[in-house]
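A short write-up of the structure that comes next.
No value in this document is a laboratory result; all are computed from the given coordinates. Keep in mind that this is a model prediction, so the values were computed, not measured. Virtual Cβ from ideal backbone geometry, glycine too; neighbours counted across all protein chains shown.
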Ligand SMILES: Cc1ncc(COP(=O)(O)O)c(C=O)c1O
């Protein structure tokens, strides 16, 4: 089976993890935690990075650090993995769902303003599958209405908007190092910001608001959280980060070959490629529309029968029971359209050219 997206582990992972084991520094203190935060901040060219146990808690931490909570609303897209929406609920706030763009499949910036109410505190653009949201417009709207911007860049490390890396444009950006992401620590996440005060607050909240008194006892001024990542995983993160440019380039090369081989197949819509925006192609994706000879789900079966794993796009979160009563754009048709027709194709960093050719030939040759 050619898997959808599996980790690439061929750097210093063994060496750094062994170092933790050899030195007994396996838990949440240890040099790799600090090093991973510093290296990640340097890679993204941001002031501060705060490492967390996963991307979901990085998002929850972002909302907490900005004081978003009960009675507040956060504008978000619905064609997403459910994590960012759940994170909004965890802090007691309410998600308000904007439609996505039919061409880029991410938050439609033209739908945001109509959803703003006196309770709106933030916009949470999600850069899905590696595709950046139009951050120029999001920032313009946020400034005009005095809203925070939290970028969910968990799927889009390496993507950029107008030359600026996604995750570094809003007040806070969040990343995930889950096993299927561009780089992995098994499970892990990172919050980044250019605002030192927000960064400091995030670190404080994520470490149980612990301060140490003169005699060594702990003091906690307010309710905090244990969102820390252990040194063992941070060690893996340091090693993975050393390879990030190489892995990003490989993903882009894979996408170029996919684009070339899937070009001009009736009914198959390829990823948008707008000027100024750099897709990270975390999961190379297509829309399989009515003009294609078989349905999206039939194509999934056909690929599986030929040893290829693929996955349908996320189903709209506003249709899931916990969120079915939430406020949405009047028209959510682009969300439904992309969810109905979208398909992720194998996108591991280690995918070979022969495998991509085989996948594309399998899509072309349907034996109807
Ligand atoms: C869009 C999106 N946001 C947030 C997350 C949460 O990340 P994690 O799985 O590390 O909690 C994910 C998942 O992987 C995701 O796809």
With the Cα gyration tensor of region 13-243 in hand, give its eigenvalues times 5 under a square root as the equivalent ellipsoid semi-axes, listed largest first in whole angstrom. 30, 21, 14
Max mean-square fluctuation residue, GNM over the chain, Cα-Cα springs under 10 Å, options 324, 176, 248: 324
With a 10 Å cut-off between alpha carbons and a GNM built on the chain, which of 106, 286, 166 moves the most? 286
Multiply the residue separation of residue 244 and residue 353 by 0.36 nm, subtract the distance between their alpha-carbon atoms, and state the gained length in nm to one decimal. 37.3 nm
For a quick check: sort 83, 348, 333 by the number of other beta carbons within 10 angstrom, fewest at the front. 333, 348, 83
First measure r as the distance between the Cβ atoms of residue 70 and residue 297, then evaluate 1/(1 + (r/R0)^6) with R0 = 35 Å and state the FRET efficiency to the nearest 0.05. 0.30
Estimated FRET transfer efficiency (residue 42, residue 253; beta-carbon r; R0 30 Å; 0.05): 0.75
Helix 135-145 vs. the chain, principal-axis angle (Cα, 0 to 90°, nearest 10): 50 degrees
Hey, what angle do you get for helix 31-44 against the long axis of the chain, alpha-carbon based, 0 to 90 degrees rounded to 10? 50 degrees
The chain: antiparallel DSSP beta bridges as a percent of all, rounded to 5: 60 percent
Can you give me the angle between helix 296-305 and the longest principal axis of the chain, using Cα atoms only, in degrees from 0 to 90, rounded to the nearest 10? 90 degrees
Restricting to bridges with both residues inside region 114-240, how much of the DSSP beta-bridge set is antiparallel, in percent to the nearest 5? 60 percent
With each pseudo-label sitting 7 Å past Cα toward Cβ, what's the residue 162-residue 305 distance in nm, one decimal? 4.9 nm
Assuming 0.36 nm per residue, please report the length gained on full extension of the stretch residue 221 to residue 86 beyond their Cα-Cα distance. 45.9 nm
Note to self, the chain gives a 222 nm [θ] from helices alone (DSSP H runs n ≥ 4, -39500 (n - 2.57) apiece, / all residues, nearest 500) of -10500 deg cm²/dmol
